[in-house]
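Please read the structure below before turning to the comments.
The values are calculated or read from the model by the stated rules, or taken from the named source; none is laboratory data. Small disclaimer: the values here were computed from a predicted structure and weren't measured. Positions of Cβ are backbone-derived with ideal geometry, glycine not excepted, and every protein chain shown enters the neighbour counts.
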Amino acid sequence: MNQLFNVKNKIIVITGGTGVLGSEMTKYLADEGAHVVIMSYAIEGAHELKDEIVSKGGAASIILADVTKESDLEKAYEELKKSFGTIDVLINAAGGNMQGATITPDQTLMDSDVEALRKIIELNYIGTYLPIKTFLPLFLSNNKGSIINISSMSAERPLTRVMGYSSSKAAIDNLTQWLAVEFAQKHGEGLRVNALAPGFFLTKQNKTLLTETDGSLTARGNQIISNTPMGRFGDPNELLGAVHYLCSDASKFVTGTVLKIDGGFGAYSGV
């Protein structure tokens, strides 16, 4: 195997590992020979995912933790330290959105819910910051590793409606760049921090927002496709090449970047 892209036997922790995108990453990296640690706040789906990986000869573990709760993450840290001593990669795939932090076309800012906004910022931003902070000593034992955050195309170009989500993902971009500098200067060149910015991927969560029951596009779906030069939605497995690259030594001089996987959406002005 080409060692440049080799992830065999790497210990890779994936928060939100049972989510739509997180589970795709988890299964792929296990297939590539990594030992994946599925971190989820709920047991539902975690054992099924682990069993699927193990049945194919892969290596997987489960740690139950809420990424917004420091006490949960401290327990997770102790489990990781006891089981592995160190980790090689942390993928912060936990995140999401909710009503109240969105402004629909028939609403105004006055209809927003500050508590919902707090929850979204806590989930997306604090839920990325806290695992990095808590698990940092596991990287420092070798002074190397890769941290991969999940941004969004709405971080750079705020989308209508998703106010809270866009704001929290913009903060992820800033945190990624800040930590890349902080870690390189204080802990050496071996510890890298980057982010992926997925474009529009059709999933169970957004299918009703983007497509009609007959499979045709909704008005919002049409807006997205008309502003995506490739003219289609992404498939979750199209994130995997970028994930593999950032997990491996192929990207060992790459830090502080936000890598877009968006079919050209971010490059298109609409004209």
Margin query: Just the residues that are more than 20 Å from G22 (Cβ to Cβ) and touching a residue at least 60 places away in the same chain (Cβ under 8 Å), please, taken from segment 139-173.
Written below: E156, R157, M163, G164
Checklist line | Residue that is surrounded by the fewest Cβ atoms within 10 Å (Cβ to Cβ) [pool: residues in segment 224-265 that are assigned by TED's automatic domain parsing to the domain that holds I150, among the hydroxyl-bearing types (S, T, Y) and farther than 18 Å from L29 by Cα] | finding: T257
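Could you grab me the full set of residues in segment 239-257 that are part of a helix (DSSP H, G or I) and either at pLDDT below 95 or of a type in the set (S, T, Y) (or both)? Full working, then the answer.
Quick first cut of segment 239-257, residues part of a helix (DSSP H, G or I) only: 239-247, 249-251.
Selection gives Y245, S251.
Would you say T160 is of a type in the set (V, I, T), surrounded by fewer than 19 Cβ atoms within 10 Å (Cβ to Cβ) and not in a strand (DSSP E or B)?
For T160, the condition - of a type in the set (V, I, T), surrounded by fewer than 19 Cβ atoms within 10 Å (Cβ to Cβ) and not in a strand (DSSP E or B) - is met.
When you check I11 against the structure, is it touching an Asp or Glu at 6+ places or on another chain (Cβ under 7 Å), of a type in the set (A, V, I, L, M, F, W, C) and in contact (Cβ under 8 Å) with a residue 40 or more places away in the chain, yes or no? I'd like the intermediate steps shown before the answer.
Values: touching an Asp or Glu at 6+ places or on another chain (Cβ under 7 Å): yes; of a type in the set (A, V, I, L, M, F, W, C): yes; in contact (Cβ under 8 Å) with a residue 40 or more places away in the chain: yes.
Here the answer is yes, as I11 does meet what is asked.
Considering G22, G58, G33, G16, which residue is in contact with a helix residue (DSSP H, G or I) (Cβ under 6 Å, 6 or more places away or on another chain) and under 23 Å from L196 (Cα atoms)?
Working: G22 fails: in contact with a helix residue (DSSP H, G or I) (Cβ under 6 Å, 6 or more places away or on another chain); G58 fails: under 23 Å from L196 (Cα atoms); G33 fails: in contact with a helix residue (DSSP H, G or I) (Cβ under 6 Å, 6 or more places away or on another chain).
The match here is G16.
For (1) polar (S, T, N, Q); (2) modelled with pLDDT under 95; (3) part of a helix (DSSP H, G or I), each residue gets a yes or a no:
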residue: I14; (1), (2), (3): no, no, no
residue: G33; (1), (2), (3): no, no, no
residue: I38; (1), (2), (3): no, no, no
residue: G57; (1), (2), (3): no, no, no
residue: S61; (1), (2), (3): yes, no, no
residue: E74; (1), (2), (3): no, no, yes
residue: Y77; (1), (2), (3): no, no, yes
residue: P105; (1), (2), (3): no, yes, no
Notebook entry, point to check: Taking segment 174-197 only, how many residues are in a helix (DSSP H, G or I), surrounded by fewer than 18 Cβ atoms within 10 Å (Cβ to Cβ) and touching a residue at least 12 places away in the same chain (Cβ under 8 Å)?
Noted result: 4
Check: Consider T218 against the criteria (1) of a type in the set (S, T, Y); (2) touching a residue at least 40 places away in the same chain (Cβ under 8 Å); (3) touching a strand residue (DSSP E or B) at 6+ places or on another chain (Cβ under 7 Å); (4) outside the structural domain of P105 (by TED's automatic domain parsing): it satisfies all of them except one. Which criterion is unmet?
Finding: (2)
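Quick one: which residue in M25, M110, M98 is under 23 Å from A155 (Cα atoms), outside any strand (DSSP E or B) and at pLDDT 95 or above?
Working: M110 fails: at pLDDT 95 or above; M98 fails: at pLDDT 95 or above.
From the options M25, M110, M98, the qualifying one is M25.
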